[in-house]
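Below is one structure; the comments refer to it alone.
The values are calculated or read from the model by the stated rules, or taken from the named source; none is laboratory data. Please read these numbers as outputs of a predicted model, since none were measured by experiment. Glycine also receives a Cβ, built like all others from the backbone with ideal geometry; neighbour counts cover every protein chain displayed.
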Amino acid sequence: MLIPAKNEIRKPTKTISGITPVAVMLPPRACKHGTCVYCPSLNVPQSYTPKSPVVMRASEFNYDSYEQVKARIKAFQAMHHPTEKIELIIMGGTFLQYPKSFQENFIKKCYDALNGEKSKNLEQAQKLNEKAKQRCVALCVETRPDECIQHIKQMRIFGVTRVELGVQIPDDKIYQKIKRGHSVKDVSDATEELKNAGFKVGYHIMPGLPGSSLKKDLILFKKLFSDERFKPDQLKIYPCQVIKGSELEKEYWKRHYKPYTKEQIEKLILQMMKIVPRYCRVMRVMREIPPEYLIAGTTRIDLRKNIEEKLRKNRNNIKEIRFREVGFNKNFDDNLKLKATKYSASKGKEYFLEIVNKDDILFGLLRLRIAENKAFIRELHIYGKSLKLGEKGEVQHTGLGKWLMNEAEKIAKKEKIKRILIISGIGVREYYQKLGYNLEDTYMVKKLE
């Protein structure tokens, strides 16, 4: 990597949404249900290849989580990115299927790396991280819809705040055809239970699977936001590709399966982006599959950039979060207002609070869920360039978080809720303590008077 010039931030979009993401890869382990038809079997973490960048980085350290975190932080610092507010993302398979002792040690070592010292146990490591220089403000795990409900309490002990579910497409016939091993009911049940525990919920969506079609994909995508059982907070859209070493490769050579072309994918995703509601963020479009492992399917990992350029050029009224974030919009009016969107989802009421300007540019958001006579703040996020702790900027650290919190508390009182719970990252507990919240069990809690 070329050394950046003084004050130059290399790859600025990495931290333009307000946090520094650190991906940590799990060691290879087969899924209990078997192998989905599109997944390669290449003696690396499930669904990845030996040349996938995150796998190459992890294998260099024998998948040791401590060393991976330290290396990623060092790389961000070399590119002149701030590393005080870290989002840890545990990747590479169904984390919750690993032995419990492995899970705890893997997570503890992540905190140890952030803290710069090794603790005796997970609890001590988390306590240190509350005031560490590099704090874990969010923790994400990837898992299957049928492998998370029984682990909710354990995830909270780890400090998990976000769960990404491998949904692919909500259709039981397609699930059977691709050997997915779970049902649509598993998806809706997991979504509801996770939201009721305060988690932010993301779906991995895979258009172009065997048994589907462009028309069917669009119908099922619309269902994600019209059916109250679903309504995810975020999405990753990974069109199906034929990868070396997968069962789908055999079907492709037999001419039983054909992936979508680049043009078909681009048109489909353009349509999908117009459907995504204002409370949902599309985290990523396309997976980075090394060309030597791609048998068929588009290699254009920059497809999102092309799609967004077309949407902006045509002045399409896109409501999706990332498209509206202040960091991705150069010229903006800073006369701000608070906007509230109420919708029903997973047998509860969701209040999506936003701070926006007259052009609907997004500066910050809060997710408040009212269900089972409880109020959960599932997310508080202020956008714009990530800053060091205590450093004041144009958007972050200007009081927008307090504005959103005050409004959420007002709504909870109107709903006659007596106390409000926050699913807080370990490194954000100090912030909420200053707002009158105290740690109870694994949540930050405040009684409402």
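Show the residue pairs meeting these rules: Cβ distance below 6 Å; 6+ apart or different chains; first residue within the range 223-239 and touching a residue at least 24 places away in the same chain (Cβ under 8 Å) and at negative phi; second residue small (Gly, Ala, Ser) and surrounded by fewer than 20 Cβ atoms within 10 Å (Cβ to Cβ).
Glu228/Ser344; Arg229/Ser188
Based on what the data block shows, is Ile301 closer than 24 Å to Leu165 by Cβ and part of a helix (DSSP H, G or I)?
no
Keeping to the range 37-66, report how many residues are among the acidic types (Asp, Glu) and not in a helix (DSSP H, G or I). Explain how you work it out, then say what you get.
Residues of the range 37-66 that are among the acidic types (Asp, Glu), as a first pass: 60, 64.
Then keep just the ones that are not in a helix (DSSP H, G or I); that gives 64.
Of the residues in the range 37-66, 1 are among the acidic types (Asp, Glu) and not in a helix (DSSP H, G or I).
If you take the residues of the range 67-104 that are among the hydrophobic types (A, V, I, L, M, F, W, C) and assigned to a strand (DSSP E or B), which of them is nearest to the chain's Cα centre (by Cα)?
Taking the range 67-104 and keeping what is among the hydrophobic types (A, V, I, L, M, F, W, C), we get 69, 71, 73, 75-76, 78-79, 86, 88-91, 95-96, 102.
Still in the list and also assigned to a strand (DSSP E or B): 86, 88-91.
On the way: Ile86: 13, Leu88: 10, Ile89: 8, Ile90: 10, Met91: 11 Å.
Once the filter is applied, the top-ranked residue is Ile89.
How many residues does the range 337-352 hold that are in contact (Cβ under 8 Å) with a residue 24 or more places away in the chain and surrounded by fewer than 19 Cβ atoms within 10 Å (Cβ to Cβ)?
Let us first name the residues in the range 337-352 that are in contact (Cβ under 8 Å) with a residue 24 or more places away in the chain, namely 338, 340-341, 343-352.
Applying the additional criterion that residues be surrounded by fewer than 19 Cβ atoms within 10 Å (Cβ to Cβ) yields 338, 340-341, 343-344, 347-349.
So the count comes out to 8.
Go over the candidates Leu224, Leu220 one by one and state the one that is outside the structural domain of Ser47 (by TED's automatic domain parsing) and buried (at least 23 other Cβ atoms within 10 Å of the Cβ).
One residue alone meets the criteria, Leu224.
How many of the residues in the range 319-360 are among the β-branched types (Val, Ile, Thr) and farther than 12 Å from Tyr279 by Cα?
3
Would you confirm whether or not the range 212-219 contains a residue that is in a loop (DSSP other than H, G, I, E, B) and among the hydroxyl-bearing types (Ser, Thr, Tyr)? Before you say what the answer is, go through the steps one by one.
Just the residues of the range 212-219 that are in a loop (DSSP other than H, G, I, E, B), to begin with: 212-213.
Keeping just the survivors that are among the hydroxyl-bearing types (Ser, Thr, Tyr) gives 212-213.
Yes, the range 212-219 contains at least one residue that is in a loop (DSSP other than H, G, I, E, B) and among the hydroxyl-bearing types (Ser, Thr, Tyr).
Only one of (1) without any contact (Cβ under 8 Å) to a residue 40 or more places away in the chain; (2) outside any strand (DSSP E or B); (3) more than 26 Å from Asn43 (Cβ to Cβ) is not met by Tyr203, so which one is it?
(2)
Checking Tyr98 against (1) farther than 20 Å from Pro28 by Cα; (2) in contact (Cβ under 8 Å) with a residue 60 or more places away in the chain, only one condition comes out false. Which one?
Just one mismatch for Tyr98, condition (1).
Quick one: what pairs do we get from the range 142-167, first residue within 18 Å of Asp233 (Cβ to Cβ), second of a type in the set (Phe, Trp, Tyr), C-beta under 7 Å, 6+ apart or different chains?
So the pair list comes out as Glu142/Phe95; Thr143/Phe95; Thr161/Phe199; Arg162/Phe199; Val163/Phe199; Leu165/Tyr203; Val167/Tyr203.
May I ask you to verify whether Cys140 is at pLDDT 95 or above, crowded, with 19+ Cβ neighbours inside 10 Å and not assigned by TED's automatic domain parsing to the domain that holds Glu251?
The answer is yes for Cys140.
Output the number of the condition that Tyr48 fails; it satisfies all remaining conditions of (1) modelled with pLDDT under 95; (2) more than 30 Å from Pro210 (Cβ to Cβ).
(2)
For residues that are small (Gly, Ala, Ser) and buried (at least 21 other Cβ atoms within 10 Å of the Cβ), scanning just the range 14-33, find the one that is nearest to His182 (Cα to Cα).
Only one residue tops the list, namely Ser17.
Is it the case that the range 19-26 has a residue that's of a type in the set (S, T, N, Q), within 26 Å of Glu247 (Cα to Cα) and touching a residue at least 12 places away in the same chain (Cβ under 8 Å)? Before the answer, list the steps.
First, pick out the residues of the range 19-26 that are of a type in the set (S, T, N, Q): 20.
Applying the additional criterion that residues be within 26 Å of Glu247 (Cα to Cα) yields none.
There is no residue in the range 19-26 that is of a type in the set (S, T, N, Q), within 26 Å of Glu247 (Cα to Cα) and touching a residue at least 12 places away in the same chain (Cβ under 8 Å).
Within the range 289-298, does at least one residue satisfy the condition of being within 22 Å of the chain's Cα centre (by Cα) and touching a residue at least 24 places away in the same chain (Cβ under 8 Å)?
yes
Results for (1) out of contact with any Ser or Thr (no Cβ under 6 Å at 6 or more places or on another chain); (2) part of a loop (DSSP other than H, G, I, E, B), shown as yes or no for each residue.
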site: Cys240; (1), (2): yes, yes
site: Gly245; (1), (2): no, yes
site: Glu251; (1), (2): yes, no
site: Arg255; (1), (2): yes, yes
